[in-house]
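I have placed the structure first, in the form of structure tokens, so that the comments after it can refer back to it.
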């Protein structure tokens with residue numbers, strides 16, 4: 001039997017990770033817990049999973065590298081925690097497709113913020129991508145069909161965009177990291193997310209605790225272990241054998257799958273105009289990312 005080459009194996013890992021990420025909105029629908037509680041569990045369990053995985057592989061974390069990057073790691077981890085809360089809230093208030101597409105506005109925010117943070121030039125191509133993505137967001141929002149009457153749906157979109165702003169901030173902060181491995185970065189960020197989100201959960205969500213049933217526990221376990229720990233292992237395991245351009249293109253399996261599952265499994269229809277908006281958003285962000293990632297990409 002012919003042995004699979006490294007690039008093919010890496011592509012399969014990346015595809016698997018993106019498929020897993022693309023189903024998280026579907027699982028969120030069946031978890032009755034508050035968003036902060038899910039975010040805390042995801043950070044805590046995901047950290048343990050990655051630590052155990054690193055231990056089994058005999059990989060040692062560099063204390064010196066972590067100390068050198070500690071402020072950025074802690075800040076970005078805190079942003080990840082609240083990014084998850086906003087994203088899970090977006091799923092509560094609008095369709096999985098709309099929440100996901102709002103979240104995939106993060107590259108647009110990176111484009112807009114990079115001149116200030118990274119001192120990068122804002123090219124005409126990038127500005128066109130921003131304009132196209134904004135047009136797509138108008139289509140997805142439903143404003144063209146029903147105006148601003150759907151306050152709940154608009155609230156979901158705003159939560160999704162807030163999550164995108166936070167994730168864009170994490171992407172920009174990751175550019176400041178120096179000499180820290182992907183696993184070290186993720187372990188520290190997930191643990192920081194759990195620590196920062198815990199007080200929020202105890203203060204804000206203590207009264208909204210729901211007694212778990214077996215189904216809810218299983219779903220939460222899957223989100224924590226599969227959608228966080230395993231997905232990150234697959235994602236980072238694919239990095240060393242793939243070009244950044246390939247990673248950028250394959251990453252769009254996540255939102256496309258989320259949109260399809262929203263329509264087919266949850267019967268959440270965003271309409272023809274909404275699907276046109278989805279194409280505009282994903283097309284514009286893909287073009288902008290592949291342009292940026294001719295040099296490098298770290299997610």
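The values are calculated or read from the model by the stated rules, or taken from the named source; none is laboratory data. No experiment lies behind these values; they were computed from the predicted model shown. Cβ coordinates were reconstructed from backbone atoms using ideal geometry, including for glycine residues, and neighbour counts include every protein chain displayed.
Can you tell me how many residues in the stretch 237-259 are under 14 Å from residue 20 (Cα atoms) and buried (at least 19 other Cβ atoms within 10 Å of the Cβ)?
The total comes to 6.
Check the stretch 52-60 and report whether any residue there is closer than 22 Å to residue 171 by Cα and at pLDDT below 95.
No, the stretch 52-60 contains no residue that is closer than 22 Å to residue 171 by Cα and at pLDDT below 95.
Here is a yes/no grid of residues against (1) on the phi < 0 side of the Ramachandran plot; (2) within 15 Å of the chain's Cα centre (by Cα); (3) in a loop (DSSP other than H, G, I, E, B):
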position: 192; (1), (2), (3): yes, no, no
position: 203; (1), (2), (3): yes, no, no
position: 215; (1), (2), (3): yes, no, no
position: 222; (1), (2), (3): yes, no, no
position: 235; (1), (2), (3): yes, yes, no
position: 241; (1), (2), (3): yes, no, yes
position: 260; (1), (2), (3): yes, no, no
position: 274; (1), (2), (3): yes, no, no
position: 284; (1), (2), (3): yes, no, no
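Please determine whether any residue of the stretch 168-178 is touching a helix residue (DSSP H, G or I) at 6+ places or on another chain (Cβ under 6 Å), closer than 24 Å to residue 255 by Cβ and surrounded by 22 or more Cβ atoms within 10 Å (Cβ to Cβ).
Yes, the stretch 168-178 has at least one match.
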